[in-house]
Amino acid sequence: MWRIGHCRHWISLHTCTTSLNRDHFLIRNAIEEEPENQPATKPYQKGTTSRRFPACVERRYLQLPSEGCGCRSVKAICSGHILRGRNIWIFCCLVLLVLGVISLNSRYLTDTVQRMDLPVASTEPPRHFVNVDDTLNFGARPAVQTRTSWRAPIIWEGMFDPKVFDQKHIQENSTVALTVFAVGRYLDAYIKTFLTSAEQHFMLGLPVTYYVFTDLPDKVPNITVAPQRSLRVMQVSKHNRWQDISMMRMKTISEVIELELRHHFRYVFCFDVDQEFKGRFGSEALGDSVALLHAHYYKAEEPAFTYDRNVKSKAFMKTGDYYYHAAIFGGTWENVKHLVDACYLNIMVDKMHDVEALWHDESHLNKYFWIHKPSKLLSPEYCWDESIGDKSDIHVFRLVWAPKHYDTLRTK
Ligand code: UDP
Ligand code: MN
């Protein structure tokens, strides 16, 4: 609860530690008035004034004229019979005084607005006036869906000018952390191809740091990375079950964002290791909250999606928008932190109830993106399974699935 100035009303700020879109949060939800001792003549009515600044705040802080203040006196002077001689001079002085007060108040208004935002510290970078996604050509790929119902772009080859995106992100000093896990036998099987191919295709021209999480740090191969790019190896313990290795990535990613990434990177992208870059995977993929359409389901209808249909799981979904693939997700560090925290929490709640979601972290990810719509979707060009027969929609293979070999690679 925050008490603002002399206002008779309490303003409740519902502090939501999990919400990261703080401006949005403040505007839409934060301020609610609890009327208290409303004057009988003018009861407060919800909806009659802005949600952001309830009437009392507007009056007290924005100093809007209310009954009985200077305006009426000015009217009296105007309507009287004394607008003559020196009284005209007095009138002019009054007008000047009123104008002075108004101008002082308008300065106070700006100050007050900022002060009301202060309790929630903003970590947002300066707003960019040109949104590079506005340059996307949504008509470039008539055979596929290029925009969601909530108007998020779905990125396909032909929709974007790579130079425009790269230039914009270089100008904005965009920095990217890529997280990838290679635990147990997955290290030897996949990490070298993953990293060397990423160096040829992933966000070229931007500062990128690869965060490799493994239980075998000494066995990570030496990869030469381009200037402005680096490789960090972080040791993690190995969970016994492969399902837990996969799911507990959410916890580790949350921890590393908190400890390190948030201080150095604007964007965080999380990848499965069992894949290989084959073509440009560039800055057009960057966005506030980015999800990937699963190659096997992008043409399917909702009933075919393999959501978790178990009502006992936190990942339960009756309906949804798309089937997203957990092999890639990303966004600003704030949004990724929010995502991994939410998924990890739900995974742990399931564990407490002795439940495991059908597709583990992917089921929780789908639930998350159903509730928190991603701001950008990547088409299956960004993660393609070459065993799929119909490749007609895939104009560029940017990343492809590596052979799986579950039997020999996974811990049982
Ligand atoms: N993983 C790992 N070691 C394991 C199992 C999984 O490092 O023993 C990591 C690895 O990054 C892998 C990801 O967890 O890409 C997800 O597992 P997997 O790729 O087997 O899942 P799938 O692609 O079949 O959904
Ligand atoms: Mn995988």
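The values are calculated or read from the model by the stated rules, or taken from the named source; none is laboratory data. All figures in this text were calculated on a predicted structure; none of them were measured in a lab. Methodologically, a virtual Cβ is constructed for each residue, glycine included, from the backbone with ideal geometry; neighbour enumeration extends over all protein chains shown. Heavy atoms of the whole protein, side chains included, go into the accessibility calculation; ligands, DNA and RNA do not. Shrake-Rupley method; radii C 1.70, N 1.55, O 1.52, S 1.80 Å.
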**OP:** Provide the per residue accessible area, probe 1.4 Å, for region 165-269, rounded to a whole number of square angstrom.
**Re:** 47
Original post:
Can you list the residues, at least 5 places off or on another chain, whose amide H is less than 5 Å from the amide H of Y210, using H built in the peptide plane?
Top reply: L178, S230, L231, R232
Original post:
Taking 0.36 nm per intervening residue step and subtracting the Cα-Cα distance, what contour gain separates R147 from K391 on full extension?
Top reply: 85.8 nm
Subject >> Inter-part distance where region 354-403 and region 275-317 are each reduced to a Cα centre, Å >> reply: 3
Subject >> Heavy atoms of H294 accessible to a 1.4 Å probe, total area in Å² rounded to 10 >> reply: 20
**OP:** For every other residue with a beta carbon closer than 14 angstrom to the beta carbon of Y322, add +1 if it is Lys or Arg and -1 if Asp or Glu, then tell me the sum.
**Re:** +1
**OP:** Could you grab the relative contact order for region 132-409? Cα pairs under 8 Å, six or more apart, rounded to a whole percent.
**Re:** 23
**OP:** Give, rounded to the nearest 20 debye, the magnitude of the charge dipole that region 209-299 has about its Cα centre when Lys and Arg contribute +1 at Cβ and Asp and Glu contribute -1 at Cβ.
**Re:** 140
**OP:** Rank these residues by their accessible area, most exposed first, probe 1.4 Å: E284, E386.
**Re:** E386, E284
Original post:
When only the heavy atoms of the protein chains count and the probe is 1.4 Å, how do K168, K376, K312 rank by accessible area, highest first?
Top reply: K312, K168, K376
**OP:** Please give, to one decimal in nm, the separation of the simple spin-label points placed at D161 and H353, each 7 Å out from Cα toward the Cβ.
**Re:** 5.1
Subject >> Long-range amide H partners of R147 with built H, under 5 Å >> reply: I154
Subject >> Within region 141-170, backbone nitrogen closer than 17 Å to the virtual label 7 Å beyond the Cα of V130 toward Cβ >> reply: 160-170
Original post:
What's the Kirkwood radius of region 132-409 in Å, using all Cα pairs?
Top reply: 19.0
Original post:
Can you list the HN-Hα couplings for region 228-238, worked out from phi with the Karplus curve (6.51, -1.76, 1.60; θ = phi - 60°), rounded to whole Hz and with x for Gly and Pro?
Top reply: 6, 10, 8, 10, 10, 10, 10, 7, 10, 7, 9
Subject >> Rounded to 5, percent antiparallel among DSSP beta bridges of region 132-409 >> reply: 30
Subject >> Sites N87 and L345, calculated FRET efficiency, Cβ-Cβ separation with R0 56 Å, nearest 0.05 >> reply: 0.20
**OP:** Please state the charge dipole magnitude for region 301-383, taken about the Cα centre, from unit charges on C-beta atoms (+1 on K and R, -1 on D and E), reported in debye and rounded to the nearest 20.
**Re:** 220
Original post:
How much of T135 can a 1.4 Å solvent probe reach, expressed as accessible area in Å² and rounded to 10?
Top reply: 70
Original post:
Rounded to the nearest 10 Å², what accessible area does D134 show when all protein chains are kept and the probe is 1.4 Å?
Top reply: 120
Subject >> Subset of K278/K373; K192/K391; K251/K318; K337/K376; K251/K367; K376/K404 violating a 19 Å alpha-carbon distance limit >> reply: K278/K373; K192/K391; K251/K318; K376/K404
Subject >> Accessible carbon and sulfur surface of region 318-412 relative to its total accessible area, %, 1.4 Å >> reply: 60
Original post:
Taking the Cβ of A182 as the center, what net charge do the other residues with Cβ under 12 Å away carry, scoring Lys and Arg +1 and Asp and Glu -1?
Top reply: +1
**OP:** Just reorder W156, W89 by solvent-accessible area, largest first, 1.4 Å probe, all chains present.
**Re:** W89, W156
Original post:
If you look at just the Cα atoms of region 184-300, how large are its Rg and its Dmax in Å?
Top reply: 14.8, 43
**OP:** Taking the Cβ of N310 as the centre, find all other residues whose Cβ is under 15 Å away and add up their charges (Lys, Arg: +1; Asp, Glu: -1).
**Re:** +1
